[in-house]
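The values are calculated or read from the model by the stated rules, or taken from the named source; none is laboratory data. Worth saying up front: this structure is predicted, and the values here are computed from it rather than measured. Cβ coordinates were reconstructed from backbone atoms using ideal geometry, including for glycine residues, and neighbour counts include every protein chain displayed. Please note that ligands, DNA and RNA were not included when accessible areas were found on the heavy atoms of the full protein model with its side chains. Shrake-Rupley method; radii C 1.70, N 1.55, O 1.52, S 1.80 Å.
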Amino acid sequence: MLHQHFDECDNPFEQALRLCYNCLDFKDAKPKTLAHLIMEQFGDWKARTKRDVGYLLSIDIKISAFNVVRRQRSFILMKLVTSIYEMVNDCDIFLECIYRMISEKQYKEASQCALLLGLQERFGIEEFLLPLLLQDKLLCVDEFLNESVKHRIDLVVFLDSLLGQAVAIRSILEALILRLQIPEVKWNKLHNKPWRKLIARFVKMYNISSEVTPNLNKKRNEGALQFLLHKRYIENGFGDESWKEMVREAVKDDESLQQELVGLVASYGDTAEALRWAHFYNIDRSYWPHMVRLYSDNPDEDRHQQQLQNANIIDESWDDGAKEPTKYHEFKLPLTSVHLVDNISSFECFIYSGLQDTSVVGLDCEWKPSFGVNSSELSLLQIATRHSVFLLDVIKIGNSFPHLWKKLNEVLFSNCDIMKLGFNFSADICMIKRALPHLGFIHELGFLDLLSLWKHLDKSNKITLPYAGIASGGLSLNVLVHLCCGKPLDKSDQFSNWENRPLRNSQLLYAALDAYCLIEVYDMLKLCCEEQRLSFNDICHQLMSARHPKRKTKKPSIKTERKREQKVELPQPPREQRDPVMADSVKFVCDTMLQGLGKLLRKCGIDTAIPSNTDDHTECVRLANDEHRYVLTRGTAFEKLLGSVPAGYCLRIISDDLNEQLKQVLDYYHIVVTKKDVFSRCQVCNSNSFVKVSKSTMGALISSSKNLKICMPPYYEHNLEDEATGFSSEDEFYEECGSPLTTQTRKWDLYSDEHVDVGLCLTKQGAKIQVEEVPTSLLGKMDIFYICEQCGKIYWDGSHYDKVIFGRLQGIVL
């Protein structure tokens, strides 16, 4: 009907405007209102009609349309009308209308209209940007600045200039507010601190150079200098080298700050240090404080009396006698166990051998404190095991070797079999993700925050730590180490310039201890829980599962809680089948909590499905019923799954130890594992179909991959220890290969190299062959390689087979 009506109108532009204005909902014409519908349909009609109506759109109609639509509150309708009535083509005619809006104090509407019409350059910052800013309408300011680079710089320069004035910001702005007659000003925002935050916000948001904000930089450096002095002389938390580094970073080339530094240091009574800085910056003697001049002229005169006076200034409790020097917690490992990883060889050595047989690591990060508007950048990543500490120099290798960073994510960060310890490390994880994009997506499996564990044990269980009587303070790692180990950490190198290279020995030792102490604290907390008969492993599992908190749920009633307490744990039903079964004739599905056990079962040649971390328990039920698999689970999931599968098809795993878990499964189901079963399945995808290829064929595959520039698929999640099954792992490829009989008699489906497409680097099942995992030097050592047909993973014979047979599987394999 509307389209037909517009066809019959003499001037559809006037009629559409008239219809829209006379709607009852015109004042608030949101998208679902009749006023908006009419204008929207008019736009559709205008785009489709064959009638020539362009000549009917006069300047007067455009001005009328602008004045009519600005009387309502919907910016969406204003945007629609501006487009339909082609106002941008004659934007200059609306300048007077916008100035009228400014005079009527409609700053928000004026800025929006200026944007719609492309008139940003016709206005300065005083017309509506400053009024909106003083009214604390930052979203409107952001909307305008997003489209105007010039106004960003002009506004930030103006805001920064106010910081350089001798009078208060509020006093300066009062004159501006009176002159422009700005209403509804947020006076509580007109102070130095909120003003500095506002400037820093714009600088960070629009990536504006710090050269544009000299006054902000100076104010920040002044604050930084005060902070450093307090940390040095009040908290006594600074080493000499760290103090010198950070002072130079804060003061830089600012002569006024250099002079202020000398005066402030002297005011704390450290005249010798004040004189040292005066000489360091070549400050004119006329600017030296009086006591510094006296000390410079005769440094030995009345030294004893001066030291007593200085002691009175710094510590008023001198009557209590001299304090004994603080004894700090020491690094227990030898210094040779600290490894700096700053090149490809040390990086490869760390990844392929440093994390072997590791079940727990401590993680920590270091970065240079930032005094300006620029955010800090990760400098050092510390990874501690029970026997070594690896310091990854992110500045040197952070942007290099993407394949190694991806491998590190696979074997550590996204590996559920290794527990990662940290202390309040949400900021550390965010910093790692931002600074190391080559890691890829981090699943964050097995991360335990010791701060959360400490809070939980203190609140719910009230455990008593060994040194609770002598240590006190807030919730910091320093306090927790003091409570668990008897001595605090030496934090004198914490606040230092971690971007300087080479790092000092004291920095390296501090970084190593900061990560290693996490393991010491974890062991002590575990010991305390065991002594007080608390289920430490269950508590840790609960906290790791709740790292990403869910929405708060309604607290259960007292009646529900009583029923829960009275609920009896279901017993494990007995296994009806008593006869032994061979490993290749039984199939399992492991719950997501038992991925490590699943990989170990695959190592034994047992068909084991492992659902992804995003799957729930119903996936285990589906696989069990569809593929006749036995379900392995633990905890409360056992009670959920027990009734969904046949009797005896669900086993509750009790122990936390992998070896004991494997023994429980094999004993319960009477499974016999022979040497022919070991390593007969792919550790990645569970397939037992392999293609046997020669050295020459593998070389051809590598060449083909380079020519095709194939983008290899992401690594799968599996432990480095399980990297090469029945075959050698990457760190063992220099050793002699194992006995050929080991692979020839293995229970697998072995095909010839006709099952691979050398030209496309694919298996017969279409999987891309992962040739990038084969070290180049290995081609000269091995004659035969084995390729998994289903996923393309490559294996080779080596010493790993014997190590597993006579190691973890000793006493199990017949």
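When the residues of the range 771-814 are filtered to those that are in a helix (DSSP H, G or I) and within 30 Å of Glu660 (Cα to Cα), the one that is most open to solvent (accessible area, probe 1.4 Å) is Lys803.
Kindly establish whether Arg73 is more than 15 Å from Cys20 (Cα to Cα), without any contact (Cβ under 8 Å) to a residue 60 or more places away in the chain and either charged (D, E, K, R) or surrounded by fewer than 16 Cβ atoms within 10 Å (Cβ to Cβ) (or both). Here the answer is no, as Arg73 does not meet what is asked. Checking Leu115 against (1) touching a Lys or Arg at 6+ places or on another chain (Cβ under 9 Å); (2) surrounded by fewer than 20 Cβ atoms within 10 Å (Cβ to Cβ); (3) within 22 Å of Ala29 (Cα to Cα): exactly one of these is not met. Which one? Condition (1) is where Leu115 drops out. Taking the range 662-700 as the range and being closer than 16 Å to Gly780 by Cβ and not β-branched (Val, Ile, Thr) as the test, the residues that pass are Ser694, Lys695, Ser696, Met698, Gly699, Ala700.
Within the range 747-792, which residues are on the phi > 0 side of the Ramachandran plot and modelled with pLDDT under 85? Answer for the range 747-792, where residues must be on the phi > 0 side of the Ramachandran plot and modelled with pLDDT under 85: just Gly766. Once the range 368-387 is narrowed to residues that are surrounded by 19 or more Cβ atoms within 10 Å (Cβ to Cβ) and modelled with pLDDT of 90 or more, the residue that is nearest to the chain's Cα centre (by Cα) is Leu378.
Scan the range 456-478 for residues that are in a helix (DSSP H, G or I) and open to solvent by 20 Å² or more (accessible area, probe 1.4 Å) and jot them down. Lay out the reasoning, then the answer.
Within the range 456-478, the first condition is being in a helix (DSSP H, G or I), and the residues that meet it are 456-461, 477-478.
Hits for the range 456-478 are His456, Asp458, Lys459, Ser460, Asn461, Leu477, Asn478.
Listed conditions (1) of a type outside the set (Gly, Ala, Ser); (2) without any contact (Cβ under 8 Å) to a residue 12 or more places away in the chain; (3) surrounded by fewer than 18 Cβ atoms within 10 Å (Cβ to Cβ); (4) assigned to a helix (DSSP H, G or I) are all met by Glu273, apart from (3).
The criterion of being open to solvent by 30 Å² or more (accessible area, probe 1.4 Å) and either closer than 29 Å to Leu264 by Cβ or at pLDDT below 90 (or both) does not hold for Glu184.
Filtering the range 39-57 to residues that are assigned to a helix (DSSP H, G or I) and either open to solvent by 60 Å² or more (accessible area, probe 1.4 Å) or more than 16 Å from Arg71 (Cβ to Cβ) (or both) leaves Glu40, Gln41, Phe42, Gly43, Asp44, Trp45, Lys46, Ala47, Arg48, Gly54, Tyr55, Leu56. Criterion applied to Pro556, Pro580 was being at pLDDT 85 or above and more than 26 Å from Val360 (Cα to Cα), and the one residue passing it is Pro580. Restricting attention to the range 288-309, and to residues there that are under 20 Å from Leu264 (Cα atoms) and outside any helix (DSSP H, G or I), which single residue is modelled with the lowest pLDDT? Going through the qualifying residues, I end up with Pro299. Among the residues making up the range 338-357, those that are surrounded by 16 or more Cβ atoms within 10 Å (Cβ to Cβ) and in contact (Cβ under 8 Å) with a residue 60 or more places away in the chain are Val338, Leu340, Ile351, Tyr352, Leu355. The number of residues in the range 103-112 being within 15 Å of Arg73 (Cβ to Cβ) and open to solvent by 70 Å² or more (accessible area, probe 1.4 Å) comes to 3.
With the requirement that a residue be within 17 Å of Thr464 (Cβ to Cβ) and either aromatic (Phe, Trp, Tyr) or loosely packed, with under 12 Cβ neighbours inside 10 Å (or both), what does the range 531-545 give you? So that I can check it myself, show each step before the final result.
At the first step, the residues of the range 531-545 found to be within 17 Å of Thr464 (Cβ to Cβ) are 531-534, 536, 539.
If the condition is that a residue be within 17 Å of Thr464 (Cβ to Cβ) and either aromatic (Phe, Trp, Tyr) or loosely packed, with under 12 Cβ neighbours inside 10 Å (or both), then Glu531, Arg533, Phe536 are the ones that fit.
For the range 420-429, the criterion of being within 19 Å of the chain's Cα centre (by Cα) and more than 30 Å from Val247 (Cα to Cα) is satisfied by at least one residue.
In the set (1) open to solvent by 40 Å² or more (accessible area, probe 1.4 Å); (2) more than 22 Å from the chain's Cα centre (by Cα), Leu483 fails one condition alone, (1).
Among the residues of the range 202-215, what is the count of those that are surrounded by 14 or more Cβ atoms within 10 Å (Cβ to Cβ), part of a helix (DSSP H, G or I) and under 29 Å from the mean Cα position of the chain (by Cα)?
Step one: of the range 202-215, the residues surrounded by 14 or more Cβ atoms within 10 Å (Cβ to Cβ) are 202-203, 206, 208, 212-215.
After this cut, where a residue has to be part of a helix (DSSP H, G or I) as well, the list is 202-203, 212, 214-215.
Subset that is under 29 Å from the mean Cα position of the chain (by Cα): 202-203.
So the answer is 2.
Any residue that is within 17 Å of Pro12 (Cβ to Cβ), open to solvent by 20 Å² or more (accessible area, probe 1.4 Å) and in contact (Cβ under 8 Å) with a residue 24 or more places away in the chain - is there at least one of those in the range 84-102? Yes: the range 84-102 contains one or more residues that are within 17 Å of Pro12 (Cβ to Cβ), open to solvent by 20 Å² or more (accessible area, probe 1.4 Å) and in contact (Cβ under 8 Å) with a residue 24 or more places away in the chain.
Counting the residues of the range 753-770 that are closer than 11 Å to Leu701 by Cα, assigned to a loop (DSSP other than H, G, I, E, B) and open to solvent by 40 Å² or more (accessible area, probe 1.4 Å) gives 3.
Among what's in the range 622-655 and is open to solvent by 40 Å² or more (accessible area, probe 1.4 Å) and of a type in the set (S, T, N, Q), pick the residue that is nearest to Val586 (Cα to Cα). Here the answer is Asn625.
Specify the residue that is nearest to Cys788 (Cα to Cα); the eligible residues are those in the range 672-693 that are open to solvent by 10 Å² or more (accessible area, probe 1.4 Å) and among the aliphatic types (A, V, I, L, M).
Initially, the range 672-693 is screened for residues open to solvent by 10 Å² or more (accessible area, probe 1.4 Å), giving 672, 674-676, 681, 684-689, 692.
From the residues that got through so far, the ones that are among the aliphatic types (A, V, I, L, M) too are 672, 684.
Numbers: Val672: 25, Val684: 9 Å.
So the residue we want is Val684.
Looking across the range 583-601, the residues that are in contact with a Phe, Trp or Tyr (Cβ under 9 Å, 6 or more places away or on another chain), open to solvent by less than 40 Å² (accessible area, probe 1.4 Å) and farther than 22 Å from Ser545 by Cβ come down to Val586, Phe588, Leu601. Beta carbons closer than 7 Å, at least 6 apart along the sequence or on distinct chains, pair a first residue in the range 470-495 that is without any contact (Cβ under 8 Å) to a residue 40 or more places away in the chain with a second that is surrounded by fewer than 16 Cβ atoms within 10 Å (Cβ to Cβ) and of a type in the set (Ser, Thr, Tyr) for Leu483/Tyr467. Of all residues in the range 118-155, those being farther than 18 Å from Arg70 by Cβ, open to solvent by less than 10 Å² (accessible area, probe 1.4 Å), aliphatic (A, V, I, L, M) and without any contact (Cβ under 8 Å) to a residue 60 or more places away in the chain number 5. Filtered by the rule that a residue be of a type in the set (Asp, Glu) and modelled with pLDDT of 90 or more, the range 11-40 gives Glu14, Glu40.
The set of residues in the range 441-455 being part of a loop (DSSP other than H, G, I, E, B) and either without any contact (Cβ under 8 Å) to a residue 40 or more places away in the chain or surrounded by 18 or more Cβ atoms within 10 Å (Cβ to Cβ) (or both) consists of Phe441, Ile442, Leu445, Gly446.
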